[in-house]
């Protein structure tokens, strides 16, 4: 997948050019590319005057960031407590088996990435799966195939 | 009353007692460490020069130290290196134009003269007073 | 000045001093693995924890890391209470699970009666104890070349993107202050290699041997005002030169 | 337009109330997290389409309000009709026609869309009569489900920003702090620290600048109260923060929102923009010389950032490692300056207290625990959703009256409160009052308000293992007891769950837990062993069954269970076969299915697929 890295300076420019903007800048970059390209880390470090090592530290500390490219569709399985006791684990295993990847990995065709998230805050509708930005409530294991097919 | 370590090469006989005294004065666990004073040949017959830290007014060692481990002891005037703060980066060793901060290979530490806290062993043991620890006030009156 | 009691002994300390400093001044052996005077206390290894209380606390006790707990008037400190020792034992037992082959940890654990961890050892152990001394010193020196990456049990110390670090000047402070010697480097007096990056040393005109890298010397010149020519020869040659100069002067007065 | 004085604010409110009167009926479509997940957006769009098309008198498109969480998420999507107080449940776009034709036009009620009381089977026409609502008292959630989410005009219409106006024009900072102190308001984020005392400490420090921060990093899995407030009623949070800032003398504030709540991020920012446009934040608020600016700071996914010093580091753009220093963040917080940090729900209470007074507030709740607490009620309870009850309400009332009891009438086993740092309380404590002190005394904690109900199909070893796993993943890795200790505690819990633990493992886990509690650097580590400690306290038998008998009584721990198909119940419907991702089940339609024990991974997908409960777990 080709990424238009020329967008990076504009994204960085959205925030005050100060060190405290670094997390928000990286979040916007992550949102744009679905991961943090190395080039973006260099430019962020330079523009915000944050050492590159700190940028790398931040981008591996927080869950929101990924340093490797991810799939076109990101399937997030909520593993919050409510989802856990209502069977999130089964959903996750169905997905792993279906896509033949583990959480954090991307299918070889670059179409899907599975991610586990700790709580998306839709606990009353557990178990919840998010496909890209769409929430799917009260997911049953046998609905997983459909979810993937739609994605 | 501040004193200075006065070096008079014309009195030095090259016996190197000062080096021994220094090593033992700074011994770690009974083991002598690298001497902070070094007696070098003066380039002329029977001439020896003990080289030891000058505790400069504007010391390069302290300027080069990025963790502020070298500071002046206000009572002795010595530039002292705080061993527990030192990060052994050798900036001071490389920066001193007189070669008076040293790398003690055996004990893996950086060492420099600290005037033994105001009673330098080198001067105490110098048999010829080539090294003499004298008060500045007395030096002035003596001219 | 404040006065406090440590292991039953009343002692005086400067206000603002940390407990550990005072404890060590008394010659009491309290282990600490993440403490280095060049950097701020960090409180990560927890080995230096002690038990504190005060008469006025009505029997309430607290456990604090002595490396960053400032002394307080009337504090009563126990450095080796039963609970503190139990805590240290557990910590070392846990550390030994992460670093089973690290001599420093083995020795400390053995001093606390542990020769083998009672927990599950990590699969591919190394010698990094994650004390953070390397990164904190690197930060304190202003280079910020390396940092911690990831978090939790998967935390590690690394240069950015696991590439040779661009901000490194090869000063070796990280390696030389690593308590376990985990950070490796080579140095033959002419070139130095650390974090997969090779540095040329500023070598002495006379001996051909160097102490600092070109990058470090350039930094000291630019930011700390150390003249470039100071790095021309090494310390030994500097001394010899000075001896020659002084010798010449002495000799000339002698001839008069 | 800028509001320059209190007079103008009051005038605007009057005008907005007048405008509102023109609506014969209002349609309140819940756009809360649950309803959105269940498809509320399509319902809302259908209403817009229909209302535009039909041009009903007194019910223009403006009469449709997209509200924050109405509460009863289990029955989502929800649509309320006001002023009739009708609540329609599980509304689909296809129902919209009928709702407009019958209810909107003539107030006629559509029976089948009403909530059905599971005990009596009766349909309840007016939602305040539903037990789920009738047992609640809403303060922090007062506007949720009642006004258009994130709409400053609707907020001002119902009295918004009046408390702020009163505070900054009629009260001295000290008087505000006194009022909050007198109200006994305690931090709703979990710790329960008296809010007034925190503010007083900050106000007393002779240093500036000072900051106020709102902790919207609702990291506890199973909790979504703060999310609902930030999405549905962000202005109440802003109003609370402005009052706090005025009281402690801060001119800058940050709202730290976790990025997993994108709508909360958007709505908080939008609310700030709206407030700034009206001059309710910014320079010279309401013509006074008080200036206050607000910023959104986005969390990037780290539970530890709920810890105050880690949160402040994150706001400053660093990694969220807690600070080890023994100095409170109220004295040295953001950029080492005095900082008041409260959570979303705490701020949401502030305007109401200022408006109605401390005496009114202390009249609600229990001694030393005044006011209410919002909870997200979820798990195996019939009515999941967002609730708010007076402090001191019993667990039984919450779970059985509000929550409607356990799904499928299974036996209640435990309720988990306080998130990963909290604990599980068993049936014997169902009648204890829910307040900060009682929950802590029983080995759990209030936490931010997640309340997860568990039935007999929940294994407590598995629950402990789950939380420990969560904490291992979320540990920042700075200090040894948390990084290594929780890792090993989880490792031991896995061994118990797998039935391979040695004798004495529980005692070892207890000893290790004690060291982690004493030794850890921050609250996350110190409370890390709680999931284990609280479950072992009440469910030791269950642990022992795993170790001694190699059995998981709840039928959850995989290594200790087998699945078999009961030939008497199986009707050969193929549902389990389709659900099995491992192809471990064979059989033909209308014939008995067989599970191949060699291939079966004990995942349980077949059990949830089977409609006849024909799969036995043993």
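Read-outs: derived from the displayed coordinates by stated rules, not from any lab. Note that this is a predicted model, so its numbers are computed, not measured. Every residue, glycine as well, gets a Cβ built from its backbone with ideal geometry; the counts of neighbours run over all protein chains shown.
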**Rounded, prolate or oblate (a/c below 1.5 giving rounded, otherwise prolate when a/b exceeds b/c) for region D:152-361 by Cα gyration tensor** = rounded
**Fill in**
Proxy exposure order for C:88, B:4 (fewest C-beta within 10 Å first) is B:4, C:88
**Request:** With an 8 Å cut-off on Cα pairs and a minimum separation of 6 or more residues, tell me the relative contact order of region A:73-150 in percent.
**Result:** 40 percent
**Prompt:** Hey, if you drop one equal point scatterer on each alpha-carbon of region A:5-78 and run the Debye formula without solvent, what base-10 log of I(q)/I(0) do you get at q = 0.12, 0.13, 0.14 Å⁻¹?
**Reply:** -0.29, -0.34, -0.39
**Asked** Per residue Cα convex hull volume for region D:505-589, in cubic angstrom?
**Response** 154 Å³
**Complete:** What the Cα atoms of region D:179-253 span along the principal axes, largest first and in whole Å, is 40, 23, 21
**Message:** Compute the orientation-averaged projected area for region D:461-618 from the convex hull of its Cα atoms and round it to one decimal in nm².
**Reply:** 10.3 nm²
**Request:** Pairs of Cα atoms under 8 Å, at least six residues apart: use those to get the relative contact order of region B:3-138, whole percent.
**Result:** 32 percent
**Request:** Send over the Kirkwood Rh of region D:21-129, from the inverse of the averaged 1/r over different Cα pairs, rounded to one decimal Å.
**Result:** 13.7 Å
**Asked** By average Cβ neighbour count within 10 Å, what is the ranking of D:104-117, C:214-227 from highest down?
**Response** C:214-227, D:104-117
**Request:** Work out the mean other chain Cβ neighbour count within 10 Å for the residues of D:315-328 and drop it here as an integer.
**Result:** 6
**Asked** Based on the alpha-carbon gyration tensor of region B:3-138, what equivalent-ellipsoid semi-axes (square roots of 5 times the eigenvalues) come out, in whole Å, largest first?
**Response** 23, 17, 15
**Message:** Can you tell me what share of the DSSP beta bridges in the protein assembly as shown is antiparallel? A percent to the nearest 5 is fine.
**Reply:** 70 percent
**Message:** Between helix C:235-255 and chain C, what is the angle of the helix's C-alpha long axis to the longest principal axis, kept within 0 to 90° and rounded to the nearest 10?
**Reply:** 50 degrees
**Prompt:** Based on Cα positions only, what radius of gyration and what Dmax would you give for region B:77-141, in angstroms?
**Reply:** 14.4, 44
**Prompt:** If you rank C:60, D:335, C:195, D:199 by fewest surrounding Cβ atoms within 10 Å, what's the result?
**Reply:** C:60, D:335, C:195, D:199
**Item:** Shielding by partners - mean other protein chain Cβ count within 10 Å, residues of D:307-314
**Value:** 1
**Cβ neighbours within 10 Å from other chains - mean over D:507-515** = 3
**Asked** Two-decimal Rg/Rh of chain D from alpha-carbon positions, Kirkwood Rh?
**Response** 1.00
**Quotient of C-alpha Rg and 2.2 N^0.38 Å, computed over region C:2-80** = 1.02
**Asked** Considering every Cα-Cα pair within the protein assembly as shown, what fraction, in whole percent, is farther apart than 42 Å?
**Response** 50 percent
**Message:** Quick check on packing: order D:230-236, C:133-139, B:73-79, D:52-58 by the mean number of other C-beta atoms within 10 Å, highest mean leading.
**Reply:** D:230-236, C:133-139, B:73-79, D:52-58
**Asked** Among rounded, prolate and oblate, which fits region D:555-610 when a ≥ b ≥ c are the square roots of the eigenvalues of its C-alpha gyration tensor, a/c under 1.5 means rounded, and a/b larger than b/c means prolate?
**Response** prolate
**Request:** Measure nothing but the geometry: give the 0 to 90° angle between the long axis through the Cα atoms of A:52-61 and the longest principal axis through the Cα atoms of chain A, rounded to 10°.
**Result:** 10 degrees
**Angle in degrees between helix C:82-98 and the longest Cα principal axis of chain C, rounded to the nearest 10** = 50 degrees
**Asked** So what's the gap between the Cα centers of region D:547-618 and region C:76-103, to the nearest angstrom?
**Response** 47 Å
**Item:** Scattering profile of region A:49-110 at q = 0.17, 0.27 Å⁻¹ [log10 I(q)/I(0), Debye over alpha-carbon scatterers]
**Value:** -0.74, -1.13
**Asked** Along its principal axes, what span do the Cα atoms of region A:73-150 show, with the longest given first and each in whole Å?
**Response** 34, 21, 20
**All Cα pairs of region D:338-493, percent lying beyond 28 Å** = 30 percent
**Complete:** If R0 = 51 Å, then residue C:191 and residue C:7, at their Cβ-Cβ distance, give a FRET efficiency to the nearest 0.05 of 0.50
**Message:** To check you understand DSSP bridge types, tell me what percent of the beta bridges within chain D (both residues inside) are antiparallel, rounded to 5.
**Reply:** 60 percent
**Prompt:** Which ordering of C:69, D:326 is given by a fewest-first count of other beta-carbon atoms within 10 Å?
**Reply:** D:326, C:69
**Spin-label model distance (nm) - residue B:84 vs residue D:106, 7 Å beyond Cα toward Cβ** = 9.0 nm
**Request:** Sort the following peptides by mean Cβ neighbour count (other Cβ atoms within 10 Å, averaged over residues), highest first: D:417-430, D:532-545.
**Result:** D:417-430, D:532-545
**Request:** May I ask you to derive the FRET efficiency for residue C:249 and residue C:180 from their Cβ-Cβ distance with R0 = 45 Å, giving the value to the nearest 0.05?
**Result:** 0.35
**Asked** If the chain between residue C:150 and residue C:166 were fully stretched, how many nm would it gain, using 0.36 nm times the residue separation less the Cα-Cα distance?
**Response** 3.8 nm
**Asked** Among rounded, prolate and oblate, which fits region D:190-302 when a ≥ b ≥ c are the square roots of the eigenvalues of its C-alpha gyration tensor, a/c under 1.5 means rounded, and a/b larger than b/c means prolate?
**Response** oblate
**Message:** Translational diffusion coefficient of region D:65-151 at 4 °C, 1.567 mPa s, Stokes-Einstein with Kirkwood Rh over Cα pairs, in µm²/s as a whole number.
**Reply:** 96 µm²/s
**Asked** Rg/Rh for chain C: what does it come to with C-alpha atoms and Rh from Kirkwood?
**Response** 1.10
**Asked** What is the P(r) of region B:1-69, as percent of Cα-Cα pairs per 10 Å bin from 0?
**Response** 18, 35, 38, 10, 0
**Complete:** In Å, the Kirkwood hydrodynamic radius from C-alpha pairs for region C:133-239 sits at 14.8 Å
**Message:** Rounded to two decimal places and with Rh computed the Kirkwood way over Cα pairs, what is Rg over Rh for region D:116-238?
**Reply:** 1.05
**Prompt:** In nm, to one decimal, how far is the residue D:289 label point from the residue C:101 one, both placed 7 Å along Cα→Cβ?
**Reply:** 7.0 nm
**Asked** In whole angstrom, and with the biggest value first, how far do the Cα coordinates of region D:460-548 range along each principal axis?
**Response** 36, 20, 20
